[in-house]
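What follows is one structure encoded as structure tokens, with my remarks underneath.
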Amino acid sequence: MSSSAVSLGTVVRAAVRQGLLPAWAPVAGLLDVRGIRTAAAALREAFEEAGAPRDTTLHAFAVKAASLVPVLRLLAAEGLGAEVASPGELALARAAGLAPGRIVLDSPVKTVMELREALALGVAVNADSREELARLDELLRDAGGPPRSPLGIRVNPQVGGGSIDALSTATDTSKFGVALRDGGARAWLVRAFAERPWLTRLHAHVGSQGCPLELMAAGVRAAYELAEEINRTVGRRQVTTLDIGGGLPVNFASDDVTPTFRAYARLLADAAPGLFDGRYGLVTEFGRSLLAKSGLVLARVEYTKTAGGRRIAVTHAGAQVATRTVFAPASWPLRVAVFDARGRPKTGPPVEQDIAGPCCFAGDVVAAGRPLPLLEAGDHVALLDTGAYYFSNHFAYNTLPRPGVYGYAHAEEESDGVRFATVRAPQSLSELVAESGGAYAAELTALR
Ligand SMILES: *Cc1c(COP(=O)(O)O)cnc(C)c1O
């Protein structure tokens, strides 16, 4: 591991020189290994400083934010676990070598099969609903012994939403968890724990992007208070662990990392004194805030044109790698940095341009009317802060391939000072054909 940072200009130049954007793969995702390690360390240190007990705290990375096996392995090397929400995500965490005890399964739609597998492995499970708890009852009855998995219930503290509706998990009517403020819910939850000594966790995830920290802290406080009430009522320390979810927002407007894990951990210590006093183990589930600032999408400009007086750069980065930005541009603006054909920073007077993508629908624009040095065919654009939920959450429109993803680090011995490692190879045409029914080409015409 190297300790020096690699500047944006250096990494783009090296990526172009080292051939990461060959003719057949004009877009790629890049991940800053040092940046990821730094973010993981900042998370650990922030909670330790706030008083969270080190040996009973698990920082579980939300796998959906960057569903890439080598990333999970890197984070594991930094002491993190994984929060998974589907059989696929669980498979990735296991492929990364994570022990079941470092994995937490959350999802609002766990099947009986998934629950059974999690219980057999000893993976922690947070039940999302009353019906799911009833399924756990049955599975445990069948198994005939106490569960190896730590088990809990997810509550929706119903503290309200943030500025992005689609990402607000704690509104009155959110689909997640047991709605804590609904009539009778609190009493039902206390009884559910009283009747099931194996229920030892409470989970709340108030997020995500667009939620003020105070709202998130209010949600954590509600879960903490419920744990205290349950333990008082049942007369034993039954709830041993609070899973406080993730959801820390990310600053997409500049290089500043704000808010910080430290600010949030301090706020939590204030909002729920007692949360960190050693009586409770802690699980966190941060995703975006661990990865966003350590990634970028690098794409070639294929053509430029004007239409109705508007300048447009048609690039290879659009809705397939920046889905949220394209479909909800007001909520997800991205910074765009521009480079020439050799990967050197582009200079020149700012000219308003649209940065468009390759998809065949009119809205496939990642930045509209953005003042930037005038782009030309063969130049490159970098979409910044896209390490989470962008290139790893590919949208398969137009049968565009999943782009290659490469990690990078400073390397003295390389002529341009940067070494890359493959995280995921670009998807090939034969893989695209296979996932589009290539093996069944004649099946429909054979139906009569
Ligand atoms: C998505 C999700 C997270 C991570 O959210 P971020 O905003 O990426 O930190 C954590 N926990 C659960 C249950 C989630 O669904």
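The values are calculated or read from the model by the stated rules, or taken from the named source; none is laboratory data. The structure displayed is predicted, hence computed values, not measured ones. We place every Cβ from the backbone using ideal geometry, glycine too, and count neighbours over all the protein chains shown.
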So Thr306 fits all but one of (1) surrounded by fewer than 18 Cβ atoms within 10 Å (Cβ to Cβ); (2) not assigned by TED's automatic domain parsing to the domain that holds Leu20; what number is the exception? (2)
If I go through segment 366-400 residue by residue, how many of them are surrounded by 23 or more Cβ atoms within 10 Å (Cβ to Cβ), in a strand (DSSP E or B) and touching a Gly at 6+ places or on another chain (Cβ under 7 Å)? 2
Sort out which residues of segment 390-448 are modelled with pLDDT of 95 or more and basic (Lys, Arg), and write them in order of number. Arg402, Arg419, Arg424
Give the residues of segment 199-213 that are within 16 Å of the ligand (Cβ to nearest atom) and either over 22 Å from Leu105 (Cα atoms) or surrounded by fewer than 21 Cβ atoms within 10 Å (Cβ to Cβ) (or both), sorted by residue number. Gly210, Cys211, Pro212, Leu213
So, Ser163, is that one part of a loop (DSSP other than H, G, I, E, B), within 12 Å of the ligand (Cβ to nearest atom) and touching a residue at least 12 places away in the same chain (Cβ under 8 Å) or not? no
How about segment 168-198: which of its residues are more than 25 Å from the chain's Cα centre (by Cα) and within 16 Å of the ligand (Cβ to nearest atom)? Leu180
Residue that is nearest to Leu372 (Cα to Cα) [pool: residues in segment 287-340 that are within 16 Å of the ligand (Cβ to nearest atom) and in a loop (DSSP other than H, G, I, E, B)]: Trp332
All but one of (1) touching a strand residue (DSSP E or B) at 6+ places or on another chain (Cβ under 9 Å); (2) at pLDDT 95 or above hold for Pro53; state the number of the condition that does not hold. (2)
Restricting to segment 224-263, give me the number of residues that are assigned to a loop (DSSP other than H, G, I, E, B), at negative phi and either within 16 Å of the ligand (Cβ to nearest atom) or aromatic (Phe, Trp, Tyr) (or both). 11
Name, by its number, the condition in (1) more than 16 Å from the ligand (Cβ to nearest atom); (2) under 18 Å from the mean Cα position of the chain (by Cα); (3) closer than 27 Å to Arg232 by Cβ that does not hold for Ala91. (3)
Sort through Arg279, Arg288, Arg262 and tell me the only one that's within 26 Å of Thr200 (Cβ to Cβ) and charged (D, E, K, R). Arg279
Are any residues in segment 274-286 within 16 Å of the ligand (Cβ to nearest atom) and touching a Phe, Trp or Tyr at 6+ places or on another chain (Cβ under 8 Å), and if so, which ones? Leu282, Thr284, Glu285, Phe286
Ala313 meets each of (1) touching a Leu at 6+ places or on another chain (Cβ under 8 Å); (2) surrounded by fewer than 23 Cβ atoms within 10 Å (Cβ to Cβ); (3) of a type outside the set (D, E, K, R); (4) over 30 Å from Glu83 (Cα atoms) with one exception, condition (2)
Which residues, counting only those in segment 264-286, are part of a loop (DSSP other than H, G, I, E, B) and within 30 Å of Val405 (Cα to Cα)? Glu285, Phe286
Which residue pairs have Cβ atoms under 7 Å apart, sit 6 or more places apart or on different chains, and have a first residue in segment 423-439 that is part of a helix (DSSP H, G or I) and a second that is modelled with pLDDT of 95 or more? Leu432/Thr399; Leu432/Pro401
Exactly one of Thr323, Thr284 is assigned by TED's automatic domain parsing to the domain that holds Leu242, closer than 25 Å to Ala166 by Cα and of a type in the set (Ser, Thr, Tyr), and that residue is Thr284
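Looking only at segment 341-365, which residues are outside any loop (DSSP other than H, G, I, E, B) and either closer than 15 Å to Ile312 by Cα or in the same structural domain as Ala253 (by TED's automatic domain parsing) (or both)?
Pro350, Val351, Glu352, Gln353, Asp354, Ile355, Ala356, Val365
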Verdict on Arg154 being away from the ligand (no atom under 16 Å from the Cβ) and either assigned to a strand (DSSP E or B) or free of Cβ contacts under 8 Å to residues at least 40 places away in the same chain (or both): no
Lone qualifier among Ile153, Ile164 - being surrounded by 13 or more Cβ atoms within 10 Å (Cβ to Cβ) and closer than 25 Å to Arg237 by Cα: Ile153
Conditions (1) over 19 Å from Ala265 (Cβ atoms); (2) touching a Leu at 6+ places or on another chain (Cβ under 9 Å); (3) buried (at least 22 other Cβ atoms within 10 Å of the Cβ); number of the one not met by Leu189: (3)
Quick one: count up the residues across segment 344-365 that are surrounded by fewer than 16 Cβ atoms within 10 Å (Cβ to Cβ) and either free of Cβ contacts under 8 Å to residues at least 40 places away in the same chain or more than 19 Å from Val11 (Cα to Cα) (or both). 10
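With respect to Val418, determine if the residue is more than 16 Å from the ligand (Cβ to nearest atom), closer than 14 Å to Gly19 by Cβ and buried (at least 20 other Cβ atoms within 10 Å of the Cβ).
Yes: the conditions hold for Val418.
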